[in-house]
Amino acid sequence: MRILLVEDDPALSLGVARALQREGWHVDTLGDGAAASAEGLIDQYDLAVLDLGLPRRDGMEVLRTWRGRGAHLPVLILSARDELSDRLQGLDGGADDYLVKPFDVPELVARIRALQRRAAGRIDDRLVLGELELDVRHRELRYRGQRVHLSPREQALTELLMARAGRVVPKEHIVSTLSSWETDFSENSVEVYIHRLRKRFADLGVVIRTVRGFGYLMEIEAAAPEAPPA
């Protein structure tokens, strides 16, 4: 998951970013509202954590700009404004959640996970495809209860494909998502990791199909048709 953190306090921004990165999420940070309002910026992210007291442009104005442009991603407001009227204004203004400063990092992480589940239509932190089960929170993939060992990037790519099982995931989206692991990740790198996952999943009941010109699609492997009676 790619997260945009908009927070003007450098120490707080660094601490929150590091905490979210430890969860395996890619985090970009900005320190002012004008930069956060740039055309097309928010379309690159899956979730935003937004402060309200920002320089150059208030966080509520930023939020209204995002929603006015049709951005539907979950937005969690992180603010020292703790009056009931402030919280109501934030939620009624388009935010999906509101957390008052000071806060505990585990609560912030839990709220982000809840927003992630809600956006994906899930009720828990598991992704299930056939007999494969991915525990997103603990980063464990299991097949029939047995652990399937993956590298960190293989795990991230598997989560990306399983979360959109049955739908095509564009190659450029995979590149932008996994580029958080290293800056030179390319479309050729995607092909290498897709090849590795195909080998790992060869006997696990799922397949990764190439949709030429678009990307990749992960789905349950179709059962072979029964032979007709003699």
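The values are calculated or read from the model by the stated rules, or taken from the named source; none is laboratory data. All values derive from a computational prediction rather than experimental measurement. All Cβ positions, glycine included, derive from the backbone under ideal geometry; neighbour counts span all protein chains shown. Only protein heavy atoms, including side chains, enter the accessible area calculation; ligands, DNA and RNA are left aside. Shrake-Rupley method; radii C 1.70, N 1.55, O 1.52, S 1.80 Å.
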**Asked** How many residues does segment 1-10 hold that are open to solvent by 50 Å² or more (accessible area, probe 1.4 Å) and acidic (Asp, Glu)?
**Response** 2
**Request:** Could you please give the count of residues in segment 11-59 that are surrounded by 15 or more Cβ atoms within 10 Å (Cβ to Cβ) and either in a helix (DSSP H, G or I) or among the hydroxyl-bearing types (Ser, Thr, Tyr) (or both)?
**Result:** 14
**Fill in**
Within segment 139-193, residues under 18 Å from Glu23 (Cα atoms), acidic (Asp, Glu) and not in a loop (DSSP other than H, G, I, E, B) come out as Glu140, Glu154, Glu159
**Request:** May I ask you to verify whether Ala38 is over 30 Å from Glu172 (Cβ atoms) and at pLDDT below 95?
**Result:** no
**Request:** May I ask you to say which residue of Gly24, Gly93 is among the small types (Gly, Ala, Ser) and out of contact with any Pro (no Cβ under 9 Å at 6 or more places or on another chain)?
**Result:** Gly93
**Message:** Could you check segment 142-158 and list, in sequence order, the residues that are open to solvent by less than 80 Å² (accessible area, probe 1.4 Å), more than 18 Å from Leu178 (Cα to Cα) and modelled with pLDDT of 90 or more?
**Reply:** Tyr143, Val148
**Request:** Could you grab me the full set of residues in segment 120-138 that are of a type in the set (Gly, Ala, Ser), within 14 Å of the chain's Cα centre (by Cα) and part of a loop (DSSP other than H, G, I, E, B)?
**Result:** Gly121
**Prompt:** Take the residues of segment 60-69 that are part of a helix (DSSP H, G or I) and basic (Lys, Arg): which is least open to solvent (accessible area, probe 1.4 Å)?
**Reply:** Arg67
**Request:** Would you confirm whether any residue within segment 70-87 is in a helix (DSSP H, G or I), open to solvent by less than 10 Å² (accessible area, probe 1.4 Å) and not small (Gly, Ala, Ser)?
**Result:** no
